[in-house]
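Trainee: Mind having a look at this structure? Questions to follow.
The values are calculated or read from the model by the stated rules, or taken from the named source; none is laboratory data. The model shown is predicted, which means the values in this text are computed figures rather than measured ones. Positions of Cβ are generated from backbone atoms using ideal geometry, with glycine treated the same way; all protein chains shown enter the neighbour counts. Just the protein is used for accessible areas: all its heavy atoms, side chains included, with ligands, DNA and RNA removed. Shrake-Rupley method; radii C 1.70, N 1.55, O 1.52, S 1.80 Å.
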Amino acid sequence: MRIGILGSGDVAKALAAGFLKRGDDVMLGTRDPEKLAAWKAAAGDRAAVGSSERTAEFGEILVLATHGMATLEVIESLDEGAFAGKVVIDATNPIRNDVEGPRLAIGFDDSLGERIQRAVRRARVVKAFNTVGAPEMVSPQFADGQPTMFVAGDDDSAKDEVKLILRDFGWGTADLGGIEASRYMEPMCMTWVTYGLRSGTWHHAFKLLTK
Ligand SMILES: NC(=O)c1ccc[n+]([C@@H]2O[C@H](COP(=O)([O-])OP(=O)(O)OC[C@H]3O[C@@H](n4cnc5c(N)ncnc54)[C@H](OP(=O)(O)O)[C@@H]3O)[C@@H](O)[C@H]2O)c1
């Protein structure tokens, strides 16, 4: 499939590597394509770099891997038609960049995931990948077994597609229901970060234990 990833940071590159390994064609969308020349050269023939506009048009599936506080701005700069009917994987977290230390900008009765779904009403947004660090997003290896990726979204068929991707990437999944559950998944990222800050280690993930 053609995967359009908006963003050029660690998350965009980690997920791009996973999709390329799966045999997909990938385009990274950035404001500055030049800075990704080395990435493109190393990533091979199935990898491309483009503007956000080109990337949104290119992808049959889109991934949001932009800075959380810039994500709505990026979406609003694009033609909403480019999102229509597509699965949009939202890996973002609304981490404030105007205060010391990690803090969420949205919470309790709304979330970035919900705001994104409201901004692209005809897209099928699935929140995923936001509760683990970029290095573990593809082929996670943990001594305590396979970790769990939580997913949320209003469209069941979109979630099924994302669960297949997660399975291919090496994850177990737990479905939390509609996109509203983003308001619980985004604080989970703060749990992940807070543990990292206290322990000084950044290679951990959540696992849901069931009987
Ligand atoms: N890092 C992690 O381990 C991790 C884990 C889980 C979730 N997340 C979430 O995933 C998203 C991406 O994280 P990241 O660490 O890869 O990158 P980041 O540093 O949070 O995001 C930077 C990306 O956002 C793009 N962007 C577009 N417009 C922007 C603007 N106005 N201001 C700033 N950046 C803008 C930049 O693209 P260009 O400059 O190329 O246009 C760049 O690729 C974030 O929402 C983050 O909270 C991160």
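Trainee: List, please: which pairs have Cβ atoms under 8 Å, are six or more places apart or on different chains, and start with a residue in the range 13-24 that is under 17 Å from L164 (Cβ atoms) and free of Cβ contacts under 8 Å to residues at least 24 places away in the same chain and end with one that is away from the ligand (no atom under 11 Å from the Cβ) and open to solvent by 30 Å² or more (accessible area, probe 1.4 Å)?
Mentor: Note: pairs meeting the criteria are G23/R46; D24/M1; D24/R2; D24/R46.
Trainee: In the range 191-211, which residues are over 18 Å from G145 (Cα atoms), hydrophobic (A, V, I, L, M, F, W, C) and open to solvent by 60 Å² or more (accessible area, probe 1.4 Å)?
Mentor: L197
Trainee: Among the residues of the range 84-109, write down those that are over 15 Å from the mean Cα position of the chain (by Cα) and more than 16 Å from the ligand (Cβ to nearest atom).
Mentor: Quick first cut of the range 84-109, residues over 15 Å from the mean Cα position of the chain (by Cα) only: 84-85, 96-109.
Residues satisfying the conditions are A84, G85, E100, F108, D109.
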